[in-house]
1. Please work out if B:A190 is among the small types (G, A, S), touching a residue at least 24 places away in the same chain (Cβ under 8 Å) and within 8 Å of chain A (Cβ to nearest Cβ).
2. Looking only at residues that are basic (K, R) and within 18 Å of the chain's Cα centre (by Cα) in the range A:43-99, which one is nearest to the other protein chains (Cβ to nearest Cβ)?
3. Going by the structure shown, is A:G40 at pLDDT below 95 and more than 10 Å from chain B (Cβ to nearest Cβ)?
4. Return a yes/no flag: does the range B:118-125 have any residue that is away from chain A (no Cβ under 12 Å), among the polar types (S, T, N, Q), surrounded by 15 or more Cβ atoms within 10 Å (Cβ to Cβ) and in contact (Cβ under 8 Å) with a residue 60 or more places away in the chain.
5. Tell me which residues, restricted to the range B:116-141, are among the small types (G, A, S) and either modelled with pLDDT under 95 or under 21 Å from the mean Cα position of the chain (by Cα) (or both).
6. Considering only residues that are charged (D, E, K, R) and in a helix (DSSP H, G or I), which ones fall in the range B:105-159?
7. Can you find even one residue in the range B:171-194 that is at pLDDT 95 or above, over 30 Å from A:L48 (Cα atoms) and among the hydroxyl-bearing types (S, T, Y)?
8. Please verify whether the range B:152-164 includes one or more residues that are within 23 Å of A:L71 (Cβ to Cβ) and out of contact with any Pro (no Cβ under 7 Å at 6 or more places or on another chain).
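The values are calculated or read from the model by the stated rules, or taken from the named source; none is laboratory data. Please read these numbers as outputs of a predicted model, since none were measured by experiment. Backbone-built Cβ (ideal geometry, glycine too); neighbour counts: all protein chains shown.
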Amino acid sequence: MGKQSPLNLNKTEYRVHTKKQLLFSWLLLLLCTLISVVIGEFSFDKNLMIPAALFMVFLKGQQISDIFMELKNAPKNWRFLLLYYVFILPAVIAAIYLF
Amino acid sequence: MQTQPSFISPEALKEEVIVIKDSAQTKPLLKKFKDKKLPGDLAMWFFILAELTAFAAFFIGFAVAEQLNVDMFITGKAKLHPIAGLINTVALITSSLFVALALRAFHLKKQREVAWLLIIAQLIAVIYLVVKVWEYQFLFAAGIDIETNTFFTLYFLITAFHFMHVLLGMVILMLMTIKAYKGRYLNKSASGFESGACYWHMVDLLWIILFPLIYVI
């Protein structure tokens, strides 16, 4: 008999992320927040600032849905539904501001 | 020893082909679905999608209104505290981290650890509530309210709607904490716990779109 995983998950359950992965994701989220604040404070070019700040939104949304919500190991239609949301909504907002 | 039949009827041959074809198609499909499971209850995910759609309408409405009243929105945003927005972002992200850690502890069947991690998540979420209330009081003291202009109407509507979601999320986390502390999740399905955790992450997800839209851009 093979060694059992400490998580004791069978094949029908998804795998949860490790503590290290969750902490890395949290640090990435903090870094993206900081970058978007710095961009907002010091960027004078609206055409550069808005897409950059909204790209940070996409990165943060991807981390929250894939890592925190554990959708990375969910059926791909559900995963992509959330990923489309965090991509399309900021893209629409950017289009409203820029065009 | 069993001998192979010397004659196989066309029907049997056909059946054999179908069986092989079936197994070749269904095996990868079964493997694909066995490895992937949606965390939480399906009904909760439909609720989350409905909430995300409602907020998307708010965000797009805010962006359109800003384009129609550029000067008013620039003046309005200048009256907000970006630091308060930043503190709230850090608070919600950190709270979400503790809920994600609690879900991991849940799968490790560490019920007490789950309860403590959820308590920490709620304490951090209280920072968000305090800062938001302080921000509202600061604006009210400056004579600004929901009727001041279009910017503040949208600001109060969107942030108060989000605030109510945070409150609901905290009630859900509190119930999860009590259940975990009493060990009522032991040997139970993870679906209810995952649903609550996903709701909390949705609240966080909405804030990370709201924050740059209202405070940064």
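1. Yes: the conditions hold for B:A190.
2. First pass over the range A:43-99, keeping only residues basic (K, R): A:46, A:60, A:72, A:76, A:79.
Subset that is within 18 Å of the chain's Cα centre (by Cα): A:60, A:72, A:76, A:79.
On the way: A:K60: 5, A:K72: 10, A:K76: 7, A:R79: 9 Å.
It comes out as A:K60.
3. no
4. Scanning the range B:118-125 turns up no residue that is away from chain A (no Cβ under 12 Å), among the polar types (S, T, N, Q), surrounded by 15 or more Cβ atoms within 10 Å (Cβ to Cβ) and in contact (Cβ under 8 Å) with a residue 60 or more places away in the chain.
5. Of all residues in the range B:116-141, those among the small types (G, A, S) come to B:121, B:125, B:141.
Within the range B:116-141, B:A121, B:A125 qualify.
6. Answer for the range B:105-159, where residues must be charged (D, E, K, R) and in a helix (DSSP H, G or I): B:R112, B:E113, B:K132, B:E135.
7. Within the range B:171-194, one or more residues are at pLDDT 95 or above, over 30 Å from A:L48 (Cα atoms) and among the hydroxyl-bearing types (S, T, Y).
8. Initial filter on the range B:152-164 (within 23 Å of A:L71 (Cβ to Cβ)): B:162.
Retained after the next criterion (residues that are out of contact with any Pro (no Cβ under 7 Å at 6 or more places or on another chain)): B:162.
Yes.
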